[in-house]
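Participant: Here it is, the structure, as C-alpha cells.
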Amino acid sequence: MTVRKGRNVVYLKGLDVIVATLGAIGAYNAVLHLEDVRAMKETKNRIHRIVNTEAANVVRATTAAAAQRDAFAYLADAYGLRNLSPVLREAAQVRLAHPDETLAELGQRCNPPVGKATLNGRIAALMRLVGRLREPARKGSANTRG
C-alpha cells in the first residue's frame with residue numbers, strides 16, 4: 001500500500017493474489033480474462049520447451065550419426081568391414097548407407113530387424129574398435145612432436 005497524489009493505492013503482485021482479489025470484489029470477467037492469459041502463456045511456454053528439446057535432440061542425433069559415419073568409413077579403410085562379425089558389419093553398413101536415419105529406423109533395416117538398444121550396442125562396439133584402431137596413430141603422432 002502507498003499514497004499517490006493524495007489517494008491510497010494498493011499494488012498486488014502475483015497472479016493468484018490478483019485473481020483472488022478480483023474474485024472477492026466480484027470482477028469475474030477480469031478473472032476469466034486473466035485465467036485465459038495465464039493459460040495461453042503456459043501453453044506457449046510448454047510448446048517452446050518441447051520445440052527446444054526436439055531441436056536439441058535432432059542436433060545431438062545428427063552429430064552422433066556423422067561421427068559414426070566418419071568412424072565407420074575409417075574402419076572400412078583401416079580394418080575392412082569384411083573382417084567384422086556379420087552383425088557388426090551389418091550395423092556399420094546400414095549406418096553408412098543411411099546416415100540420416102535414427103537408430104530405430106536403422107534397426108528395422110537389419111535382417112532380422114533389431115531394436116534401438118540392440119543396434120546402439122553394436123554401434124558402441126564398433127566405435128570402441130575404431131578407438132582402438134586410432135589409438136596407435138595418436139600415440140605415434142604424439143611421440144614425433146617431442
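Participant: Under 9 Å between Cβ atoms, which residue pairs at least 6 apart in sequence (or on different chains) link something in the range 95-124 that is touching a residue at least 40 places away in the same chain (Cβ under 8 Å) with a partner that is part of a helix (DSSP H, G or I) and open to solvent by 80 Å² or more (accessible area, probe 1.4 Å)?
Facilitator: Between residues of the range 95-124 that are touching a residue at least 40 places away in the same chain (Cβ under 8 Å) and residues that are part of a helix (DSSP H, G or I) and open to solvent by 80 Å² or more (accessible area, probe 1.4 Å), the close pairs are T102/K116.
Participant: Would you check which residues across the range 74-103 are of a type outside the set (D, E), exposed (fewer than 13 other Cβ atoms within 10 Å of the Cβ) and part of a helix (DSSP H, G or I) and list them?
Facilitator: A78, R82, N83, P86, A97 - these are the residues of the range 74-103 that are of a type outside the set (D, E), exposed (fewer than 13 other Cβ atoms within 10 Å of the Cβ) and part of a helix (DSSP H, G or I).
Participant: Just a yes or no: is a residue in the range 48-62 among the basic types (K, R) and loosely packed, with under 12 Cβ neighbours inside 10 Å?
Facilitator: yes
The values are calculated or read from the model by the stated rules, or taken from the named source; none is laboratory data. For clarity, every value in this text was computed on a predicted model and none was experimentally measured. Note: ideal-geometry Cβ built from the backbone for every residue, glycine included; neighbour counts use all protein chains shown. Each accessible area value is taken on the protein alone, full model and side chains, heavy atoms only, with ligands, DNA and RNA left out. Shrake-Rupley method; radii C 1.70, N 1.55, O 1.52, S 1.80 Å.
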